[in-house]
Amino acid sequence: MSNRILIVGGGLTGLALAAGLRHRGLDPVVVEQAPAITEAGWGIGLSDPHITALDRLGITDRENWARFRPDRHLMFDGGTGLLDSIRYETAMLFSRTDLQQSLYEPIADLVRTGVRPTALTDLGDTVDVEFDDGMQESFDAVIGADGINSWTRRHVLGGPDATYTGVAIVRFHLPNTDPTLKTTALSLDTNGVLGYFLMDGGRKYHGIVMLPGEEDNRRELCAAELASLFPQVTGPLAGFKNLMRTNPVSYYTNIYQAVVDEWTRNRIALMGDAAHAMSPILAQGTGVGLQDAALLAELLTTPDLPVPIALASYERLRKPAAQAMQRKSYEAGLRIGRKSAPTELFPEFVTHDRPA
Ligand SMILES: Cc1cc2nc3c(=O)[nH]c(=O)nc-3n(C[C@H](O)[C@H](O)[C@H](O)COP(=O)(O)OP(=O)(O)OC[C@H]3O[C@@H](n4cnc5c(N)ncnc54)[C@H](O)[C@@H]3O)c2cc1C
């Protein structure tokens with residue numbers, strides 16, 4: 001069991017680890033480069049194993065969270081208009097803000113905002129850390145939860161830079177006035193993805209459009225123009241597409257991914273997007289990070305388990321499952337962005353059958 005733990009990054013997974021450690025009697029230090037932990041917005045889909053991870057982290061007071069679980073999730077083949085699959089085991093869509101606040105509030109006193117590490121030196125029995133506010137401290141373990149462009153990964157573990165996945169995503173919210181609508185839907189083909197989830201008890205659509213192509217492709221299009229890229233959609237997507245013509249405010253993001261070989265070295269480890277940033281097409285990134293946090297909190301508070309053994313065990317237990325999910329997300333992304341997908345991530349999927 002370790003005493004002094006530094007978490008670099010106060011995103012969802014860093015906050016989750018801090019909450020989980022406090023739940024188990026340990027107070028880590030969290031440094032977050034942003035001047036404040038700000039409202040996160042948007043929706044976050046969590047599958048059942050991810051909700052179990054919240055229980056393991058002690059985040060059980062979820063009664064007041066706005067949520068919605070659809071009765072079915074329809075996956076259409078955008079080329080033919082036919083249904084490809086129907087999922088009955090659906091993810092619960094939460095408000096990202098509720099999740100972030102529930103993770104942050106119990107540990108707010110542990111978070112130092114506006115601070116970054118500038119150097120980490122692993123001395124074997126401790127890690128010396130220098131910060132950009134001039135402080136210098138020693139820790140038993142340092143966990144890099146610093147996101148897709150992780151400083152810890154690139155500067156300490158020598159890990160790879162993130163790679164563009166060949167797909168960008170646009171998100172927007174719309175009101176849903178049909179209380180009988182319980183089904184969510186997605187249409188997917190090589191032109192892209194049009195889909196929606198439901199949140200806030202079903203009163204709000206969380207819409208997405210995924211666009212294959214180069215970075216920033218079609219960034220200039222508004223929601224109404226994006227709707228016209230999908231002339232074929234049927235079923236509940238047809239009504240949703242019409243609503244898009246009201247032109248809600250939309251947010252455009254290029255999607256990156258990082259496949260990381262080395263997650264831990266002695267007393268330093270990576271978690272969340274720093275370790276396994278993946279395409280959001282399967283809506284798994286945060287959930288997989290919550291599973292990392294739950295296991296790390298358990299291992300770092302296990303009596304008589306030395307930190308290097310705890311961290312190496314964490315990598316051994318979590319990496320195969322997390323990388324399998326990355327691979328699955330990448331493969332799903334290839335259905336829309338095969339031409340623009342980078343070959344270096346999972347070459348086995350792309351080198352065969354790659355159109356000229
Ligand atoms: C469009 C989109 C939709 C998504 N939808 C879903 C979904 O429905 N379900 C799901 O499970 N996942 C989803 N994801 C994935 C999810 O957003 C990420 O996996 C998750 O937010 C990663 O959390 P994190 O804490 O690891 O990283 P981040 O949220 O990136 O947090 C990292 C934190 O570290 C801080 N930081 C960075 N560098 C430093 C430094 N040097 N020093 C100090 N602090 C630092 C940053 O400021 C940031 O606060 C989606 C992702 C995208 C892009």
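Does the range 200-210 contain at least one residue that is free of Cβ contacts under 8 Å to residues at least 12 places away in the same chain and either more than 13 Å from the ligand (Cβ to nearest atom) or in a strand (DSSP E or B) (or both)? So that I can check it myself, show each step before the final result.
From the range 200-210, those free of Cβ contacts under 8 Å to residues at least 12 places away in the same chain are none; that's our starting set.
Checking the range 200-210: not a single residue is free of Cβ contacts under 8 Å to residues at least 12 places away in the same chain and either more than 13 Å from the ligand (Cβ to nearest atom) or in a strand (DSSP E or B) (or both).
Tell me, yes or no, whether the range 238-257 has at least one residue that is out of contact with any strand residue (DSSP E or B) (no Cβ under 7 Å at 6 or more places or on another chain), among the aliphatic types (A, V, I, L, M) and within 16 Å of the ligand (Cβ to nearest atom).
The answer is no, given that none of the residues of the range 238-257 is out of contact with any strand residue (DSSP E or B) (no Cβ under 7 Å at 6 or more places or on another chain), among the aliphatic types (A, V, I, L, M) and within 16 Å of the ligand (Cβ to nearest atom).
Of all strands (runs of 3 or more DSSP E) completely enclosed by the range 1-93, which ones contain at least 1 residues that are under 19 Å from ASP200 (Cα atoms), in contact with a Lys or Arg (Cβ under 6 Å, 6 or more places away or on another chain) and within 12 Å of the ligand (Cβ to nearest atom)? Steps first, please.
Details: elements: 5-8, 29-32, 43-46, 72-77, 83-87.
Those strands (runs of 3 or more DSSP E) span 43-46.
Of all residues in the range 221-242, which are charged (D, E, K, R) and buried (at least 17 other Cβ atoms within 10 Å of the Cβ)? Full working, then the answer.
As a first pass, look at the range 221-242 and keep what is charged (D, E, K, R): 225, 241.
Scanning the range 221-242 gives a single hit, LYS241.
Scan the range 115-143 and report the pairs whose first residue is farther than 14 Å from GLN33 by Cα and whose second residue is among the aromatic types (Phe, Trp, Tyr) and assigned to a strand (DSSP E or B), with Cβ atoms within less than 8 Å and a gap of 6+ or a chain change.
Correct list of pairs: THR126/PHE139; VAL127/PHE139; VAL129/PHE139; GLU137/PHE131.
Return only the number of the condition from (1) at pLDDT 90 or above; (2) more than 20 Å from SER47 (Cα to Cα); (3) out of contact with any Ser or Thr (no Cβ under 8 Å at 6 or more places or on another chain) that PRO106 does not satisfy.
(1)
Looking only at the range 257-295, which residues are touching a Gly at 6+ places or on another chain (Cβ under 9 Å) and hydroxyl-bearing (Ser, Thr, Tyr)?
SER279, THR286
Only one residue in ARG265, ARG218 is surrounded by fewer than 22 Cβ atoms within 10 Å (Cβ to Cβ), within 16 Å of the ligand (Cβ to nearest atom) and touching a residue at least 12 places away in the same chain (Cβ under 8 Å), so which one is that? Give the derivation first.
Numbers: ARG265 fails: within 16 Å of the ligand (Cβ to nearest atom).
Every option except ARG218 fails the conditions.
Any residue that is at pLDDT below 90 and surrounded by fewer than 20 Cβ atoms within 10 Å (Cβ to Cβ) - is there at least one of those in the range 3-23?
Within the range 3-23, the subset at pLDDT below 90 is 3.
With surrounded by fewer than 20 Cβ atoms within 10 Å (Cβ to Cβ) added as a condition, the list becomes 3.
Yes - at least one qualifying residue is present in the range 3-23.
The values are calculated or read from the model by the stated rules, or taken from the named source; none is laboratory data. Remember, it's a predicted structure, so these values are computed and weren't measured experimentally. Ideal geometry is used to build each Cβ from the backbone, glycine not excepted, and the neighbour counts take in all protein chains shown.
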